[in-house]
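Report on the following structure.
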Amino acid sequence: MFGSTAFGLDSALIRRISMANPALLHHNKTQFAKSIVELCPGVYTAVGYAASTQHMIEGASSITIIDTSESTAAAENVLAEFRKITRKPVARIIYTHSHRDHISGATVFCEGGELPIIASAAFSSDLIGKDDSTIAPGQALNRRTQAQFGIGLSPQQRVSLGCGPSDRPMKGMGAGHIPPNQLIENDCEMDLDGVRAQLIMAPGETADHMVVWLPDQKVLIPGDNWYHAFPNLYAIRGTPYRDFAAWADSLLLLAELGAEVLAPGHTLPVFGADRVNEVLTTTRAAIVHVMQHTADGMNAGLSMDDIAAGIELPAAIADKPWLGEFYGKASWSARGFATGTLGWYDGNPTHLGTLSSGARASHMARLAGGTDALQKAADNTDDLQWRLELCDHLIALGESAELLKAATLEALADDEINATARNTYLWEAERLKQQVADA
């Protein structure tokens with residue numbers, strides 16, 4: 001997507017070799033190595049073959065597939081691995097929820113046949129029934145999605161997705177989706193060819209989440225309601241409000257099942273009843289903390305910037321490795337909760353009016369002593385976030401600060417533990433450099 005032109009700038013930033021946060025590299029290496037994991041006899045999970053995981057339940061004479069990946073190429077690779085275990089035909093497919101990375105390889109698993117495709121009655125996907133006449137910021141969503149997942153970045157830049165490996169097949173992205181043809185209204189029990197399963201409605205990352213619980217094997221497949229990373233309570237690509245309270249309630253419900261194996265929709269399975277309970281309850285505690293911290297700050301009249309800047313997880317859970325901010329982020333979540341519950345207005349009447357970016361930049365330049373002084377301040381500050389904001393003022397004034405902003409984004413990416421933030425920093429840096437090259 002991006003060109004390969006290199007740009008010179010009298011700053012050490014632009015000459016830095018792009019590095020990645022060691023913790024993020026470790027997360028990617030340990031959580032997304034390709035493997036077929038046996039959860040218990042006859043139940044398997046494919047990890048690292050796609051952005052999401054896929055699951056196979058072997059029945060007496062057939063198999064059930066749960067979630068199908070984001071591309072037909074990934075689905076083909078997973079099916080080939082499953083076929084090394086059994087040649088039994090696929091009898092049904094279950095979608096845990098409607099995100100594209102879980103529903104886009106179904107045609108491969110159907111192997112040319114027509115199968116029951118089972119999902120929650122609340123299932124809603126933009127892959128089906130999309131109305132192009134609807135007024136919506138589709139181009140903005142597309143751009144931000146590409147940035148979040150680092151589409152077009154080099155493998156050296158895109159070291160992880162946070163929820164999955166950066167190195168995965170992209171051919172047939174979104175192409176293998178089959179709409180569900182069997183919708184489940186309420187919690188129910190289902191016979192998967194001799195394997196007893198319970199389908200449980202558990203809204204969380206999406207409102208249409210339906211988890212799969214195997215009570216005899218004590219195996220729980222929760223979709224994206226849990227994975228080994230801070231939950232993506234707000235996705236920076238842009239999403240409707242994800243109901244934090246409902247997600248927390250679902251995690252409590254799942255913890256009370258007493259599972260001994262947890263096979264998430266991303267990252268490695270978790271084994272052992274005590275550990276499964278711990279990861280579910282501490283993740284719930286993290287969500288509740290975000291809600292309480294944000295509500296307390298809003299009630300106290302704090303600015304959203306101060307609420308987001310001041311959030312920290314309680315000491316009792318702050319060091320849990322599965323709450324590392326590899327995918328979601330607490331500060332983003334605080335903003336998401338505030339806007340999701342009370343909307344954009346933060347209670348400060350100053351914000352009922354507005355200045356354009358250009359007008360605000362003009363005022364800032366006058367305070368600084370002119371645009372040259374503003375440029376000097378941007379060049380000399382060690383605060384990278386402040387440098388970005390000063391660059392935005394300069395760009396709004398028509399000054400050439402795009403390369404300085406790009407270099408600053410790259411510097412921030414070097415230290416960033418969150419994969420989606422890192423990808424976005426680098427993607428937007430490449431876009432800025434391309435703009436300069438094309439000018």
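The values are calculated or read from the model by the stated rules, or taken from the named source; none is laboratory data. This one's a predicted model, so the numbers in the text were calculated from it and none came from an experiment. Don't worry about glycine lacking a Cβ; one is built from the backbone with ideal geometry, like all the others, and counts go over all protein chains shown.
Structure summary
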read-out	value
Qualifying residue in segment 59-72 (condition: assigned to a helix (DSSP H, G or I), at pLDDT 95 or above and in the same structural domain as VAL195 (by TED's automatic domain parsing))	yes
Residues that are part of a strand (DSSP E or B) and not aromatic (Phe, Trp, Tyr), drawn from segment 39-58	LEU39, CYS40, VAL43, THR45, ALA46, VAL47, GLN54, HIS55, MET56, ILE57, GLU58
Those residues of segment 234-246 which are of a type in the set (Ser, Thr, Tyr) and touching a residue at least 12 places away in the same chain (Cβ under 8 Å), in sequence order	TYR234, TYR241
Verdict on GLY48 being surrounded by fewer than 24 Cβ atoms within 10 Å (Cβ to Cβ) and on the phi > 0 side of the Ramachandran plot	yes
Residue within segment 368-385 that is buried (at least 18 other Cβ atoms within 10 Å of the Cβ), part of a helix (DSSP H, G or I) and among the acidic types (Asp, Glu) present	no
Filter pass, GLU205 being assigned to a strand (DSSP E or B) and assigned by TED's automatic domain parsing to the domain that holds ALA245	no
Whichever residue in segment 386-416 is under 32 Å from the mean Cα position of the chain (by Cα) and in a loop (DSSP other than H, G, I, E, B) and, among such residues, is farthest from GLN148 (Cα to Cα)	ALA401
Residue that is farthest from the chain's Cα centre (by Cα) [pool: residues in segment 293-310 that are within 19 Å of PHE244 (Cα to Cα) and surrounded by fewer than 18 Cβ atoms within 10 Å (Cβ to Cβ)]	ASN299
Matching option when the condition is over 30 Å from HIS26 (Cβ atoms) and in contact (Cβ under 8 Å) with a residue 60 or more places away in the chain, among GLY340, GLY369	GLY340
Flag for LEU115 being under 26 Å from ILE221 (Cβ atoms), surrounded by 14 or more Cβ atoms within 10 Å (Cβ to Cβ) and of a type in the set (A, V, I, L, M, F, W, C)	yes
Test result for ALA361, part of a helix (DSSP H, G or I) and touching a His at 6+ places or on another chain (Cβ under 7 Å)	yes
Residue check, VAL290 crowded, with 22+ Cβ neighbours inside 10 Å, without any contact (Cβ under 8 Å) to a residue 60 or more places away in the chain and either in contact with a Ser or Thr (Cβ under 6 Å, 6 or more places away or on another chain) or closer than 24 Å to GLY164 by Cα (or both)	yes
Residue identified as touching a residue at least 60 places away in the same chain (Cβ under 8 Å), assigned to a helix (DSSP H, G or I) and either surrounded by fewer than 24 Cβ atoms within 10 Å (Cβ to Cβ) or not hydroxyl-bearing (Ser, Thr, Tyr) (or both) among ASP224, ASP249	ASP224
Verdict on THR354 being of a type in the set (Ser, Thr, Tyr) and in a helix (DSSP H, G or I)	no
Conditions (1) without any contact (Cβ under 8 Å) to a residue 12 or more places away in the chain; (2) among the acidic types (Asp, Glu); (3) within 26 Å of LEU115 (Cα to Cα): number failed by GLU256	(3)
Qualifying residues in segment 160-212 (those that are among the acidic types (Asp, Glu) and at pLDDT 95 or above) - the one nearest to the chain's Cα centre (by Cα)	GLU205
Residue ID - nearest to GLU70 (Cα to Cα), chosen from residues in segment 80-112 that are small (Gly, Ala, Ser) and surrounded by 22 or more Cβ atoms within 10 Å (Cβ to Cβ)	SER104
Matching residues, segment 104-139, being outside any loop (DSSP other than H, G, I, E, B) and modelled with pLDDT under 95	GLY138, GLN139
Flag if GLY301 is without any contact (Cβ under 8 Å) to a residue 60 or more places away in the chain and not in a helix (DSSP H, G or I)	yes
Number of the condition not met by TYR345 [criteria: (1) touching a residue at least 12 places away in the same chain (Cβ under 8 Å); (2) not in a helix (DSSP H, G or I)]	(1)
